[in-house]
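Undergrad: Input: one structure, supplied below.
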Amino acid sequence: MAYTLGIDIGTFESKGVLVDGEGKIVATAARPHEMLVPQPGWAEHRADEDWWGDFVFITRELLGASNVSSNDIKAIATSAIGPCMLPVDPDGQPLMNGVLYGVDTRSEREIAELTNQIGENRIMKVCGNALTSQSVGPKILWLQRNRPEIWAQTARILTSTSYLTFKLTGEYVIDHYTAANFSPIYDVNQLNWTDELTAEIAGPNMLPRLMWSTEIAGHVTPEAAVETGLAVGTPVTCGTIDAAAEAVSVGTQAAGDMMMMYGSTIFIIQVTDSPVRDPRLWYAPWLFPGSHASMAGLATSGTLTHWFRDHFAKELTRENAFPILAKEAAASAPGSNGLLFLPYFSGERTPIHDPKAKGTFFGLDLTHTRGDLYRAVLEGIANGTAHVVETYRDVGHPPVRVLAVGGGTKNEIWLQATSDIAQVPQVVCEKTIGASFGDAFLAACAVGMARPKDIDRWNPIDRLVQPQKHAVYERQYLLFKDLYQSTRHIASALGRA
């Protein structure tokens, strides 16, 4: 038998799957970890414990549960949250915690200065993206300015997937899709690192070697084999960001296909036949040469459901909290009895790109229940998602097919509210495990065990969520956008206090 291994490191949990040559999941494993928030606006992971530690634990769990010989694993692919910023020393040892993707807004000053210094139009022309909290370049500049003692020891800047691949193979690599988030030091036209816009951040010698996601980056080293139980010499792909692997897992491949990932954040990827350049969205080369992707993402989504559970349902156990909260929310009518919720608990990414935005419950009175508040949280995330879908329509790329994936697809109120407010049908496939399954499929493609179109056979469609019309949603969506615009100055002033 031949198998492939896929492991994904998420914001709050890592997951792994062992899959046979027909796409059947033989074993699964998962391990939770925390997102560290040392201060408001910061978000971090521990590279050794949360990234590599999870990988080792999950690999050994999968091998033990499946009784599959490590020699029968023909390829490994990884994905992880991204883009992250991790400085390492000449031996590849982390020098600090990994700084996370757009949920970490510490480089606000550097974003503004670089944008002013280089010019937004020039950045868009070379990088395909405006500088935002999602951009790694400003975070590297933040490191130089604020942690000079760490910068003096830094040999390379890695991201989360790059670090995993290094630990497995000893190779420093990054895929083009991930690298496009390193603005302003990646040229999307030349598909290469660049110092054309600024030499202030980091030279190419400090950055990983560029590859495509399904290229073989290297092979499992003897040291990694001892730690993980994998066979020495097993091929390891370059890997990619978790959201890209998640999109692959449900068949996002034709132009107009849009993946909507319901995870700790809502993340959206739409495959396009040409580059989409708009400062409200993100652009990257897709995982395969000659293809393109347009991305968007909220800063906090599933994170908010965890926050709500932990602070407003303390009497409930972790096992029954979400089912009970869902039942209470179902008893609240669409519109949450007149409540509006802004989900900007870590600022917001697309389409407003406002690191100073704040979360808000608006319209509270003494009749509101916990169920109303929880439903308002879900509808607030759905409103934010609809704002993104509206942006795609504005730029002339409305979704042709929306494929929903991730743990949030089990939350029927959240899923239906998103379809209703954004007015899009959503396809849900049989397997919603997400990025780790996409990784296993990409690993199979890398060694010739599968072709990209085989994903429709590996993961067929299970159901379709059709949008319904609710006048209250149409009204509240407009009020949702107005509430943000009307309170921007208050949110900004609070941030300066």
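Every number in this text was worked out from the coordinates using simple rules, so none of it is lab data. Remember, it's a predicted structure, so these values are computed and weren't measured experimentally. Note: ideal-geometry Cβ built from the backbone for every residue, glycine included; neighbour counts use all protein chains shown.
Undergrad: Please work out the C-alpha center-to-center distance from the range 74-129 to the range 439-485 and express it in whole Å.
TA: First find each Cα centre; the distance between them is then 26 Å.
Undergrad: Determine the distance separating the Cα centre of the range 159-227 from the Cα centre of the range 259-314; give it in Å without decimals.
TA: 21 Å
Undergrad: Packing-wise, with mean Cβ within 10 Å as the measure, how do 127-135, 206-214 rank, highest first?
TA: For the peptides 127-135, 206-214, the packing ranking is 127-135, 206-214.
Undergrad: Something else now. Any number yet on Rg/Rh for the range 331-455, C-alpha, Kirkwood?
TA: Taking Rh as the inverse mean 1/r over Cα pairs, Rg/Rh reads 1.06.
Undergrad: Among residues other than His33 whose Cβ falls under 12 Å from its Cβ, what is the net charge (Lys/Arg +1, Asp/Glu -1)?
TA: Local net charge: -4.
Undergrad: Could you pull the Cα extents of the chain along its three principal axes, largest to smallest, in whole Å?
TA: Cα spread of the chain along its principal axes, largest to smallest: 64, 52, 45 Å.
Undergrad: Can I ask one more? Looking only at the range 38-67, which residues have a backbone nitrogen under 20 Å from a spot 7 Å from the Cα of Val226 in the C-beta direction?
TA: 48-49, 52-61
Undergrad: Per residue, what volume in Å³ does the convex hull of the Cα atoms of the range 3-243 enclose?
TA: In the range 3-243, the Cα convex hull volume per residue is 111 Å³.
Undergrad: May I ask you to list the GluC sites (Glu not before Pro) in the range 249-341 that are in a DSSP loop and have at most 11 other Cβ atoms within 10 Å of their Cβ?
TA: Glu315, Glu319
Undergrad: Amide H neighbours of Val402 under 5 Å, at least 5 residues apart or on other chains, H built in the peptide plane: list them.
TA: Under 5 Å from the amide H of Val402: Met258, Val427.
Undergrad: Right, something else. Could you give the length gained by full extension between Ser69 and Ala255, i.e. 0.36 nm per residue of separation minus their alpha carbon distance, to one decimal place?
TA: Gain on stretching Ser69 to Ala255: 63.1 nm.
Undergrad: Which whole-Hz ³J(HN,Hα) couplings does the range 287-301 yield from phi under the Karplus relation 6.51 cos²θ - 1.76 cosθ + 1.60, θ = phi - 60°, glycine and proline marked x?
TA: Residue by residue, the range 287-301 yields 6, 10, x, x, 10, 10, 9, 10, 10, 8, x, 7, 6, 9, 9 Hz.
Undergrad: Separate question: Tell me, what HN-Hα J-couplings in whole Hz come from the Karplus equation 6.51 cos²θ - 1.76 cosθ + 1.60 at θ = phi - 60° for each residue of the range 164-169, using x for Gly and Pro?
TA: Residue by residue, the range 164-169 yields 4, 5, 4, 4, 7, 10 Hz.
Undergrad: Next question. Could you list the chymotrypsin sites (Phe, Trp or Tyr not before Pro) in the range 51-134 that lie in coil according to DSSP, counting only those with at most 12 other Cβ atoms within 10 Å of their Cβ?
TA: Passing both the DSSP loop test and the Cβ count: no residue.
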